[in-house]
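Reviewing the structure listed below.
The values are calculated or read from the model by the stated rules, or taken from the named source; none is laboratory data. Just so it is clear, the model here is predicted, and its values are computed rather than measured. Neighbour counts run over all protein chains shown; Cβ positions are idealised from the backbone, glycine included. Note: areas computed on protein heavy atoms with side chains; ligands, DNA, RNA excluded. Shrake-Rupley method; radii C 1.70, N 1.55, O 1.52, S 1.80 Å.
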Amino acid sequence: MRRSSTRKTGPANPASSMNSSATDIFRSASSKAIIKELERIDHLFNLYANRSSGMIDPEGIEALCSDLEVDHTDVRILMLAWKMKAEKQGYFTLDEWRRGLKALRADTISKLKKALPELEKEVRRPPNFVDFYSYAFRYCLTEEKQKSIDIESICQLLDLVLGSQFHPQVDMLIDYLKTQKDYKVINMDQWMGFLRFCNEISFPDLSNYDPDLAWPLILDNFVEWMIAKQS
């Protein structure tokens, strides 16, 4: 007598069914929570966005800063732009806004206000800070194909992003930039050189500065200016 090729199946495992059901409920609840969060983030965006442009413009950013109780020149607003990966200075698109606020888990002004100190800590970590410092320069390139920034704007930017960490170096560097006559603009290579200088060079004695180590010429000139000033 031939055996049946069909296997006998026992009753379904009730524990397995319950686990599967619980997983489905969790996924459904999680999806709903994500959708609700995104709706709140979008609602917040619409409170500050210009309806005609569909973006948060400088006026909207000022209103946002007012609600966050920070000045529009506060470095944390630049950090927020970095977190959003905002491309155009003074403007946030909906996609940029979603990217930043989802990363910060902030779907209300209250949550965003509380997230700012943590965002600052995140930016201050060395690998992140190099990226933020580079971003700050690019964010200030407001014209198409622009590759350099005028001295006055660079001085303001240096004070904003480096002033709290390297106050003596930044003050002296700004003093030099405002008095020298050789440079009217600063490029990215020079900008990154300023950060390297602050991180690596003993200040104010400059004892470990070696001009043969391929520093931007502007820093060779700055060091010469400082030595002459000290003597």
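Annotations for the structure displayed:
- Of the criteria (1) touching a strand residue (DSSP E or B) at 6+ places or on another chain (Cβ under 7 Å); (2) of a type outside the set (Ser, Thr, Tyr); (3) not in a helix (DSSP H, G or I), which one residue 154 fails: (3)
- Of all residues making up the range 182-198, the number that are in a helix (DSSP H, G or I) and among the polar types (S, T, N, Q): 1
- Count of the range 91-114 residues which are part of a helix (DSSP H, G or I) and under 18 Å from residue 73 (Cα atoms): 2
- In the set 104, 78, only one residue is in contact (Cβ under 8 Å) with a residue 40 or more places away in the chain, outside the structural domain of residue 133 (by the TED database) and within 28 Å of residue 140 (Cβ to Cβ); that residue is 78.
- Unique match (being at pLDDT 95 or above, loosely packed, with under 14 Cβ neighbours inside 10 Å and either in the same structural domain as residue 67 (by the TED database) or under 21 Å from the mean Cα position of the chain (by Cα) (or both)) among 113, 147, 178: 147
- If you go through the range 62-75 and keep only what is open to solvent by less than 70 Å² (accessible area, probe 1.4 Å) and either in the same structural domain as residue 132 (by the TED database) or within 16 Å of residue 136 (Cβ to Cβ) (or both), you end up with 74, 75.
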